Structures are given as C-alpha cells and as structure tokens.
C-alpha cells in the first residue's frame, strides 16, 4: 500500500510502498478516508519541536475511515462502518496512570515510546492499525463528508478541557487564546455545550470580529493590550456576570503574564483549565498568588487531550446539529502531495481552517 514516510528529521516525506498492517487481537484495520494535517506538522518533522518519535514512521494523528477488518474482541464494529480514529493510544495495564502515545505524532516518556514502537504508524497511508477502543463509530456518512469530520480532532481537545471543568449549560466561560486554532474551536464547543456566553480575548481584531460573525452576541470579544492589569480589567468589564470557567489554550511562545491576566478573572469557587503550551520553551513560571487560589477556592485542572468517553459525546453534539463542522474551511490534498499539504497547513493555519490528506 502507499504511505507517506518520515525517515529522518529535516527530510521531506517519502511517498512509497509499505507493508500492509497486520491484524492482531484487540486491533482494527482501517481504510483511511481523510486525516488532518496539523498547522505545526512542519515543526515536528523538522525536529524543531523535539517530539519523541521513533523513525522511520508514517505520520498522521487521527483519521476518518471505514473498518476494513476487526479482531475477535470487537462485537459491534463491522467492515464498512465509518469511524473516527482517536490518535490517543493508552496502555491497558495501568488504569490509574496509563502511558500515552499520540499515534503518528509523538510519545510521552519511556512507556509512551514503547507504545509508539508498536502503534507507530499513523493515518497518512491507505490503511492503518488502531487499538479496538480507538475506533469510534460515527454513523453513516457520504465519502465526501469525511474531510469535514476530521475537525473532530481539533474540537475534541478543548472539549476535553470543558469536560474536566464540568462546564454546564447556562454557565459562562472565558477562552485564553480564543483567536488560535484550538482556541477558536474552544469557543465553538463551549457554545455547543450550552454556555450562556464566552469572553474571547485576543490581539487580532479581525479574528475576534469573525468569531462574533459566526456565533453572534454570545461571544464577547476583548482586544488585549499587553498590560496584565489593564487586560484583566477589560475582560471583567466585557463579562455581563461572573465567569464560571476559564480555559487557557495559548501556544508555547506566549508569556505567562498574558495567561495569568485571563485566569484571574474567574469567579470565587470558579474552575480553571490549563491546556496550552506556555512554558514549554522555557521562561518563568505562572506565579499565581497562593492567597488568591486558597481564599477564593479556585480549582485548577491541568488537562492533556480528553477522556475516551468524550468522543461519543462529541459525535452526538455533531449529529444533533449543536456543533457545526461545516464552519471549517477544508483544503484537501491526495496522499501523493503530502509534502505540499504540510507546507499549506503551516501557511494557512488559524481559526476554522483545516488541511486534510485523502489517502484513499
């Protein structure tokens, strides 16, 4: 079968024939219809992000596809079923603290690398192998709809944060990083979950205006100035009431003062979720005041990715029409043009834009 292969960091992807994946117990073979190309894929493949990734590897975190073959422990999935392939692969022998790898993208720690060496190859191939529990049925769709369903991968990340924060219908939220790729999805997901309104701070006024255009007056934009105290006051002034939940999903290059300004808008007994990359490139700590956290009974929850049960819940949001995946502008590339797709994704990232590979 044909696949895109990363043989060494800093090299282009090789489009070549590779062996078909072999089916084992506890596994599913998927005919891949479409897979996202992350905007920072070029930084992963160049080695700039220093992700743990054992080479050579077929990249591609997550996919929409159809079941080709299922192992003997699959009692509901059948060949031909449309599924979302979750790239978050967890070890099965430690329920409380499983090792994790993101199939086709990166691993976390030594245990994650052991997982990756087995479930190493991602979705940028005609077929891929995934653990049985990582193939989630989405119901019947037309093949032309598969690229749009890839937006599940973008929306699931912030959804995992809102689930951790226990965001409830009628509550209010603030998204720190609202004008980014995942941040704009966080706004859409919060509204789909029934948030009364979402404060959306950012520096890009055009993108803030676009959020209001898409979702109406439930989005409350705030232009950031870079002054921590002033920005916090502007966010609080924009909110018509107390802010129940704050999510930070800022990228690594953002300073901690910007994050702190947003987090400290949350109300007494409020909840804060940290999902961004701040601090990964070095620099000072977040430095949240101990008395503020303690006296206001603030809950701070670090979240990486999402629980598996979030996936069928999100599928239900999409099926019910509460989360509209057609908001995403999709640019499609065939597998043979995978390197062009990576370059396109890097140059055309941002809110509600998605680059997709179609291996089939």
Quiz item: Of all residues in segment 206-239, how many are without any contact (Cβ under 8 Å) to a residue 60 or more places away in the chain and touching a strand residue (DSSP E or B) at 6+ places or on another chain (Cβ under 6 Å)?
Solution: 10
Quiz item: Would segment 265-273 turn up any residue that is under 19 Å from residue 350 (Cβ atoms) and at pLDDT 95 or above?
Solution: no
Quiz prompt | Candidates 170, 180, filtered to the one that is closer than 14 Å to residue 350 by Cα and out of contact with any strand residue (DSSP E or B) (no Cβ under 7 Å at 6 or more places or on another chain) | solution = 180
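Each row is one residue, and each column tells you yes or no for (1) more than 18 Å from the chain's Cα centre (by Cα); (2) over 27 Å from residue 43 (Cα atoms); (3) not assigned by TED's automatic domain parsing to the domain that holds residue 123.
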residue	(1), (2), (3)
184	no, no, yes
206	yes, no, yes
246	no, yes, yes
251	no, no, yes
254	yes, no, yes
257	yes, no, yes
Self-check item: Pick from segment 345-360, criterion assigned to a helix (DSSP H, G or I) and in contact with a helix residue (DSSP H, G or I) (Cβ under 9 Å, 6 or more places away or on another chain), ranking: farthest from residue 155 (Cα to Cα)
Solution: 346
Quiz item: Quick one: would you say residue 31 is assigned to a strand (DSSP E or B) and either within 24 Å of residue 17 (Cα to Cα) or in the same structural domain as residue 332 (by TED's automatic domain parsing) (or both)?
Solution: yes
Quiz item: Does at least one position in segment 333-341 carry a residue that is within 23 Å of residue 277 (Cα to Cα) and in contact with a strand residue (DSSP E or B) (Cβ under 8 Å, 6 or more places away or on another chain)?
Solution: no
Practice problem: From 355, 299, 331, grab the single residue that is modelled with pLDDT of 95 or more and loosely packed, with under 15 Cβ neighbours inside 10 Å. | Solution: 331
Self-check item: Checking residue 92 against (1) touching a helix residue (DSSP H, G or I) at 6+ places or on another chain (Cβ under 7 Å); (2) closer than 20 Å to residue 311 by Cα; (3) surrounded by fewer than 19 Cβ atoms within 10 Å (Cβ to Cβ), the condition it does not meet
Solution: (1)
Quiz item: All but one of (1) surrounded by fewer than 18 Cβ atoms within 10 Å (Cβ to Cβ); (2) at pLDDT 95 or above hold for residue 117; which doesn't?
Solution: (2)
Quiz item: Regarding residue 49, is this residue touching a strand residue (DSSP E or B) at 6+ places or on another chain (Cβ under 9 Å), closer than 18 Å to residue 147 by Cα and either in a loop (DSSP other than H, G, I, E, B) or modelled with pLDDT of 95 or more (or both)?
Solution: no
Practice problem: Looking only at segment 79-95, decide whether some residue is without any contact (Cβ under 8 Å) to a residue 60 or more places away in the chain, out of contact with any strand residue (DSSP E or B) (no Cβ under 9 Å at 6 or more places or on another chain) and within 22 Å of residue 156 (Cβ to Cβ). | Solution: yes
Exercise. Output the number of residues of segment 1-28 satisfying the condition of being part of a strand (DSSP E or B) and touching a helix residue (DSSP H, G or I) at 6+ places or on another chain (Cβ under 8 Å).
Key: 7
Practice problem: Any chance you could count how many residues in segment 4-19 are within 13 Å of residue 44 (Cα to Cα) and either outside the structural domain of residue 54 (by TED's automatic domain parsing) or free of Cβ contacts under 8 Å to residues at least 40 places away in the same chain (or both)? | Solution: 2
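The values are calculated or read from the model by the stated rules, or taken from the named source; none is laboratory data. The shown structure was predicted, so the numbers you read here are calculated from the model rather than taken from an experiment. So basically every Cβ, Gly included, is an ideal-geometry build from the backbone, and we count neighbours across all protein chains shown.
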